[in-house]
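One structure is given below, encoded as structure tokens.
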């Protein structure tokens, strides 16, 4: 199982955390994941605060300052953004990083943030908007000239180049906060990897079986999990091993810390598990 780290691109020490990406790479983690909010809201607390570094800008900085580690969005709220521009931004990061992008995808949940970004009118239809946006992005990544006549995107004779380094596309890691039917249908249709948040190993096995049945193909399963920075290392090892035994190919660990020094100590402890989880 690949062990990845969620980089806190939010909070009072977010700049220090993102600047530590080369150190995280040197520790041996397989990937770095960034979180997508644009503005702070009271509804995010106590999990998140008001300070946010924009996700794709932070990824670009990380790409420029690392060499081989993969870079993931966990998860990009697709309906916040124009799909053609999003496809272009992700392609640019993929090209400049040498093909290291993993695209985690979600629909978002914060109605207030949708309104703040001028997208409040689509909140109730955000699932359908996400699906059409993914279709547009996938077509962009094929390259060449094409037109689109959809409900939310309409254009004629657009030409998209360059295309991503990764073929046939940037890998899609479709997120979910549970195993509700609509998110699982999106996973079954689009996912290269299912990337849920905070599910138990038993829920992962059950949900994975349902996804594979819906998709009529095998879709690898991953997990994003969150722990306090002072979680004992033996507890982390036991729980991560249980995810591996449940079939996870990857775990992105979010270590909640109150300072950069606390984060770095916790990350160094987590890094001791990398080789044992492979």
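Applying the selection to the range 33-72, what residues are in a strand (DSSP E or B), under 22 Å from residue 256 (Cβ atoms) and out of contact with any helix residue (DSSP H, G or I) (no Cβ under 6 Å at 6 or more places or on another chain)?
Here is the first cut: in the range 33-72, the residues in a strand (DSSP E or B) are 33-34, 52, 70-72.
Right, trim to under 22 Å from residue 256 (Cβ atoms) and you get 33-34, 52, 71-72.
Residues satisfying the conditions are 33, 52, 72.
Going through the range 69-105 one residue at a time, which ones are surrounded by fewer than 23 Cβ atoms within 10 Å (Cβ to Cβ) and under 15 Å from residue 143 (Cα atoms)?
84, 85, 86, 88, 89, 90, 92, 95
Does the range 129-144 include one or more residues that are assigned to a loop (DSSP other than H, G, I, E, B) and at pLDDT below 95?
no
Can you pull out every residue in the range 84-106 that is touching a strand residue (DSSP E or B) at 6+ places or on another chain (Cβ under 9 Å), in contact (Cβ under 8 Å) with a residue 40 or more places away in the chain and either more than 19 Å from residue 72 (Cβ to Cβ) or assigned to a loop (DSSP other than H, G, I, E, B) (or both)?
84
Of the conditions (1) in contact with a strand residue (DSSP E or B) (Cβ under 8 Å, 6 or more places away or on another chain); (2) touching a residue at least 40 places away in the same chain (Cβ under 8 Å); (3) part of a helix (DSSP H, G or I), residue 76 clears all except one; give me its number.
Of (1) in contact with a strand residue (DSSP E or B) (Cβ under 8 Å, 6 or more places away or on another chain); (2) touching a residue at least 40 places away in the same chain (Cβ under 8 Å); (3) part of a helix (DSSP H, G or I), only one is false for residue 76: (3).
Being under 14 Å from residue 271 (Cα atoms), in a helix (DSSP H, G or I) and touching a residue at least 60 places away in the same chain (Cβ under 8 Å) is the filter here, so list the residues in the range 2-32 that pass it.
23, 24, 27
Which of (1) surrounded by fewer than 16 Cβ atoms within 10 Å (Cβ to Cβ); (2) touching a residue at least 40 places away in the same chain (Cβ under 8 Å); (3) within 15 Å of the chain's Cα centre (by Cα) does residue 41 not meet, given it meets every other one?
(3)
For the condition assigned to a helix (DSSP H, G or I) and over 18 Å from residue 249 (Cα atoms), what is the one hit in 151, 125, 166?
Details: 151 fails: assigned to a helix (DSSP H, G or I); 166 fails: assigned to a helix (DSSP H, G or I).
Being assigned to a helix (DSSP H, G or I) and over 18 Å from residue 249 (Cα atoms) holds for just one of 151, 125, 166, which is 125.
The values are calculated or read from the model by the stated rules, or taken from the named source; none is laboratory data. The structure displayed is predicted, hence computed values, not measured ones. Every residue, glycine as well, gets a Cβ built from its backbone with ideal geometry; the counts of neighbours run over all protein chains shown.
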